[in-house]
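Quick notes on the structure that follows.
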Amino acid sequence: MPDIREDYALHFDIWHVGDEKLKDCFSIFPNGDLLLKRVNEVRTSLPQSIAIDDLALLSKLEQLNTNIEAALNQYGDSELIKLNSKKSNVARRSVYRGNESLRRDVLNNADSPTIHLDDDLCEIIAKYCGEEGYEAFFFLSEPLYQLSGCYYPVSHWIAWAMVQSEFEVDPYQAAFDLYKMKAQAGWSNDEQFVFIES
């Protein structure tokens, strides 16, 4: 059997097998119906720039950070909580508007605000879904990453469906909301920001 990380038919073509076959495929995963619902939302979403002011974008960034903090606190990993808390020490919060070239520039030396949650997502899923969830996460990682346009916060928003009923908040929802408006959040040493395509 080939390494699934190199199975390009799985990565790119799985989304063309038809709705019923896809439903059958996802039925084997923990909370597969919820996973598929999110998959279909990403498949049918058409991200587009919208008219939105800086304050609303920064509010979405704050919502993202608040929900990440709440999820990490509920999960209870003190090291992750400590690492994530460094976000509160940034000197400024900014909004950048521009084209793909500017997006690459501002995100070049930045991480996603979800980075510390991302690093332990497989363990969080394993805690609530057991080894089946852990294996499902790794099996789906590359196909979901490709589906999301190579954007981890969106692929992780889909994967979060496996544990969403265990948590009071969805820490990736605000990242998905930003994605739908062609925006994304970043975190560098001295700044948190939202870039939005304009």
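The values are calculated or read from the model by the stated rules, or taken from the named source; none is laboratory data. Keep in mind it's a predicted model, so treat the numbers as computed, not measured. A quick note on method: Cβ atoms are made from the backbone with ideal geometry, for glycine too, and the neighbour counts reach across all protein chains shown. Please note that ligands, DNA and RNA were not included when accessible areas were found on the heavy atoms of the full protein model with its side chains. Shrake-Rupley method; radii C 1.70, N 1.55, O 1.52, S 1.80 Å.
Kindly list, by first and then second residue, each pair from a residue in the range 109-127 that is more than 13 Å from TRP160 (Cβ to Cβ) and at pLDDT below 95 to a residue that is outside any helix (DSSP H, G or I) and open to solvent by 20 Å² or more (accessible area, probe 1.4 Å), limited to pairs with Cβ atoms under 7 Å and residues at least 6 apart or on different chains.
ASN109/SER188
Of the conditions (1) surrounded by 23 or more Cβ atoms within 10 Å (Cβ to Cβ); (2) over 14 Å from the mean Cα position of the chain (by Cα); (3) small (Gly, Ala, Ser), ALA183 satisfies every one except a single condition; which number is it?
(2)
Are any residues in the range 181-198 in contact with a Gly (Cβ under 9 Å, 6 or more places away or on another chain), part of a strand (DSSP E or B) and of a type outside the set (D, E, K, R), and if so, which ones? First the steps, then the outcome.
So the first thing to find is which residues in the range 181-198 are in contact with a Gly (Cβ under 9 Å, 6 or more places away or on another chain), and the list is 192-198.
Among the residues that remain, those that are also part of a strand (DSSP E or B) are: 192-197.
Selection gives GLN192, PHE193, VAL194, PHE195, ILE196.
Checking GLY149 against (1) without any contact (Cβ under 8 Å) to a residue 24 or more places away in the chain; (2) part of a helix (DSSP H, G or I): exactly one of these is not met. Which one?
Among (1) without any contact (Cβ under 8 Å) to a residue 24 or more places away in the chain; (2) part of a helix (DSSP H, G or I), the lone unmet condition for GLY149 is (2).
Step by step: first the residues of the range 142-162, then only those that are open to solvent by 10 Å² or more (accessible area, probe 1.4 Å) and more than 8 Å from the chain's Cα centre (by Cα), then the one that is farthest from ALA175 (Cα to Cα). Which residue is that?
To start, the set of residues in the range 142-162 that are open to solvent by 10 Å² or more (accessible area, probe 1.4 Å) comprises 142, 145-147, 149-152, 156.
Going one step further and asking which of them are more than 8 Å from the chain's Cα centre (by Cα), we end up with 142, 145-147, 149-150.
Working: GLU142: 19, TYR145: 14, GLN146: 17, LEU147: 15, GLY149: 14, CYS150: 14 Å.
So, considering only residues that are open to solvent by 10 Å² or more (accessible area, probe 1.4 Å) and more than 8 Å from the chain's Cα centre (by Cα), the one farthest from ALA175 (Cα to Cα) is GLU142.
Which pairs have Cβ atoms under 6 Å, sit 6 or more apart or on different chains, and link a residue in the range 51-63 that is within 18 Å of PRO113 (Cα to Cα) to one that is of a type in the set (D, E, K, R)?
Close Cβ pairs (under 6 Å, with a partner that is of a type in the set (D, E, K, R)) amount to LEU58/ARG93.
Each row is one residue, and each column tells you yes or no for (1) assigned to a helix (DSSP H, G or I); (2) open to solvent by 80 Å² or more (accessible area, probe 1.4 Å); (3) touching a Cys at 6+ places or on another chain (Cβ under 6 Å).
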position	(1), (2), (3)
ILE68	yes, no, no
LYS87	yes, no, no
VAL95	no, no, no
VAL106	yes, no, no
TYR128	yes, no, no
GLU132	yes, yes, no
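Quick test of your reading of the structure: ALA136 fulfils all but one of (1) touching a residue at least 40 places away in the same chain (Cβ under 8 Å); (2) open to solvent by 40 Å² or more (accessible area, probe 1.4 Å). Name the failing condition by number.
Evaluating ALA136 over (1) touching a residue at least 40 places away in the same chain (Cβ under 8 Å); (2) open to solvent by 40 Å² or more (accessible area, probe 1.4 Å) leaves (2) as the failure.
I'd like the full set of residues that are under 23 Å from TRP160 (Cβ atoms), open to solvent by 30 Å² or more (accessible area, probe 1.4 Å) and not in a helix (DSSP H, G or I), limited to the range 44-66.
Residues satisfying the conditions are LEU46, PRO47.
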